[in-house]
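Reviewing the structure listed below.
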Amino acid sequence: MSKTILVTGGAGFIGSNYCRYVLQKYPDYRVVILDALTYAGNLSTIADMQNDPATSERVRFYPGKIQDETVVNGIIEAEQVDTIVNFAAESHNDRSILEPGSFIQTDVYGVYVLLDAVKRHGLTRMVHVSTDEVYGTIDNGQFTEKSPIEPNTPYSAAKAGGEMQVRAHVITYGTPAIITRCGNNYGAYQYPEKLIPFFVTRLLDNKKVPLYGAGNQVRDWVYVLDHCAGIDKVLHEGTIGEAYNIGSEGERTNLEITHALLRLLNRPESLIKTIPDPRGGAHDKRYSVNADKLRALGWKPAYDFDTTLEQTVRWYADNQSWWREITAKPDYQAFIARFYGRYLGEDL
Ligand code: NAD
Ligand code: TYD
């Protein structure tokens with residue numbers, strides 16, 4: 001049966017990749033994007049879908065916040081939406097340490113508004129895209145969906161708060177919602193403040209890259225299209241009220257990632273600038289999730305890490321107008337100067 005999916009946060013990194021994935025995989029599905037176009041959302045990120053004759057009729061864009069119930073309910077009625085996939089979030093740990101308020105507005109209250117709209121309009125399903133960071137850090141072994149939720153940063157605490165709204169809505173009202181918890185993503189269109197695109201864009205310009213501490217923190221790196229396929233699987237075959245981990249067994253330290261990027265771009269080790277860890281005690285040492293529950297539905301990662309990392313680096317080298325438009329903005333430069341200025345000095 002065809003679907004009209006409200007993709008909130010669809011002008012951001014993962015949301016836009018998900019829209020492309022859906023439009024390509026399901027020729028009879030429509031995608032309605034609601035995005036506040038914060039610093040992290042860009043119309044240039046979705047322009048290809050709007051301009052391609054194969055998809056332009058099946059994609060609509062609305063500017064607006066998920067906290068705005070008039071906007072959310074109006075779009076659901078006007079577009080006859082039957083499904084919500086929620087990507088909209090403030091998503092950067094470092095910014096959450098500086099200014100946590102907007103994280104609570106979007107990642108907690110906004111989720112409540114969407115859940116209430118699902119209930120009010122009798123929508124068939126909502127997938128809430130959460131993160132493995134809600135579990136906190138783990139030295140050895142892996143988190144399962146039954147592990148305690150122990151977030152350590154304002155970002156991960158806000159995401160955990162959003163999840164609690166989902167849980168309570170399902171139990172209290174029978175709202176048909178499901179949660180996903182994925183590891184760190186990489187791929188095309190990621191905003192250049194997250195580790196991989198931040199380092200790639202700086203290395204392309206022969207600038208130094210700020211590595212926090214010894215760079216020995218571990219992340220489970222998931223290619224963005226594997227994440228999209230996992231969400232797709234959960235949307236169609238997941239059980240209401242459940243949470244599903246999405247992980248690729250792709251664990252690497254930040255130092256390993258940095259060396260891989262230097263190698264791919266043929267840049268010297270001297271471009272690594274080790275800086276005191278700005279996250280301090282809130283810097284989670286290791287994330288690792290067990291994805292057996294999702295694998296039991298038939299999902300497994302389809303992409304090789306080395307190949308997709310190389311493709312990602314090439315994408316940033318080939319699409320410089322996309323990211324240079326962002327890095328030239330005063331708010332981007334102000335954040336980088338505020339956060340890294342005292343360490344990078346004239347290398348900023
Ligand atoms: P992103 O920051 O690139 O994109 C977020 C998008 O949401 C932007 O387009 C932004 O404009 C929009 N947005 C922000 N506040 C909004 C609001 N109040 N109303 C409507 N739109 C709003 O983030 P991303 O990396 O694409 O992450 C998407 C989702 O996936 C987030 O919920 C994040 O927590 C989750 N997630 C991310 C990762 C990762 O590695 N990036 C991993 C697991 C889960
Ligand atoms: P990030 O991409 O911000 O994702 P998350 O905080 O969600 O894991 O950071 C990934 C890792 O890279 C994290 O351990 C912090 C580290 N890091 C750096 O060492 N330097 C940087 O400039 C950035 C942005 C991140």
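Per-structure values
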read-out: Length-normalised contact order for segment 195-295 - Cα pairs under 8 Å, 6+ apart - percent; value: 46 percent
read-out: Cα→Cβ-extended label distance, 7 Å offset, between Glu237 and Ala337, nm; value: 5.2 nm
read-out: Amide hydrogen neighbours beyond the local backbone of Asp82, cut-off 5 Å, H modeled; value: Thr4, Leu6
read-out: Nitroxide proxy distance, nm - points 7 Å out along Cα→Cβ at Glu99 and Ser2; value: 4.1 nm
read-out: Lys pairs, segment 101-218 - Cα-Cα below 28 angstrom, 8 or more residues apart or on other chains; value: 6
read-out: Check: segment 229-333 dipole with +1 on Lys, Arg Cβ and -1 on Asp, Glu Cβ, in debye; value: 240 debye
read-out: Tyr173/Asn266 FRET efficiency (R0 56 Å; Cβ-Cβ; nearest 0.05); value: 0.50
read-out: For segment 196-262, alpha-carbon Rg over 2.2 N^0.38 Å; value: 1.47
read-out: Cβ-placed point charges (K, R +1; D, E -1), dipole of the chain about Cα centre in debye, nearest 20; value: 160 debye
read-out: Among Asp292, Asp82, Asp304, residue whose mean-square fluctuation peaks in a GNM of the chain (springs only between Cα atoms under 10 Å); value: Asp304
read-out: For Glu150, residues with placed amide H under 5 Å, excluding near neighbours; value: Tyr135, Gly136
read-out: Rounded to 10°, Cα long-axis angle of helix 111-121 versus longest principal axis of the chain; value: 20 degrees
read-out: Helix 254-265 axis, angle to the chain major axis (alpha carbon atoms, nearest 10°); value: 80 degrees
read-out: Phi to ³J(HN,Hα) by Karplus 6.51 cos²θ - 1.76 cosθ + 1.60 over segment 266-272, Hz, x for Gly, Pro; value: 6, 10, x, 4, 5, 7, 7
read-out: Table column - 3J(HN,Hα) (Hz), segment 37-44, Karplus curve with 6.51, -1.76, 1.60, x for Gly and Pro; value: 6, 5, 3, 8, x, 9, 5, 5
read-out: Of all accessible heavy-atom area on the chain, the percent that carbon and sulfur account for (1.4 Å); value: 49 percent
read-out: Two-site FRET efficiency, Asp304 against Thr70, from Cβ-Cβ distance with R₀ of 45 Å, rounded to 0.05; value: 0.50
read-out: GNM flexibility winner over the chain from Leu115, Leu43, Leu235 (Cα, springs under 10 Å); value: Leu43
read-out: Mean accessible surface per residue for the chain, computed with a 1.4 Å probe while every protein chain stays in place, in Å²; value: 41 Å²
read-out: Per-pair calculated FRET efficiency, R0 = 45 Å: Asn216 and Asp52 via Cβ, rounded to 0.05; value: 0.55
read-out: Nitroxide proxy distance, nm - points 7 Å out along Cα→Cβ at Ala296 and Tyr39; value: 4.2 nm
read-out: Helical contribution to [θ] at 222 nm, DSSP H n ≥ 4, -39,500 (n - 2.57), averaged over the chain, rounded to 500; value: -12500 deg cm²/dmol
read-out: D_trans [Stokes-Einstein, Kirkwood Rh over alpha-carbon pairs] for segment 303-348, 25 °C, 0.890 mPa s, µm² s⁻¹; value: 196 µm²/s
read-out: Residues whose placed amide H lies under 5 Å from that of Phe61, excluding near-sequence neighbours; value: Ile33
read-out: In Hz, Karplus ³J(HN,Hα) per residue of segment 217-232 (6.51, -1.76, 1.60; θ = phi - 60°; x = Gly, Pro); value: 6, 10, 10, 9, 7, 10, 5, 4, 6, 5, 4, 4, 5, x, 5, 4
read-out: Compactness index (Cα Rg / 2.2 N^0.38 Å), segment 188-322; value: 1.16
read-out: DSSP-defined beta bridges in the chain - what % are antiparallel, rounded to 5; value: 10 percent
read-out: Debye intensity ratio in log₁₀ form over the Cα atoms of segment 223-272, taken at each q of 0.14, 0.17 Å⁻¹; value: -0.56, -0.66
read-out: Degrees, to the nearest 10: 195-204 long Cα axis against longest axis of the chain; value: 50 degrees
read-out: Mean projected area in nm² (Cα convex hull; one quarter of hull surface) for the chain; value: 16.3 nm²
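The values are calculated or read from the model by the stated rules, or taken from the named source; none is laboratory data. Worth saying up front: this structure is predicted, and the values here are computed from it rather than measured. Neighbour counts run over all protein chains shown; Cβ positions are idealised from the backbone, glycine included. The protein model used for the area step is the full one, side chains on, heavy atoms only, and it has no ligands, DNA or RNA in it. Shrake-Rupley method; radii C 1.70, N 1.55, O 1.52, S 1.80 Å.
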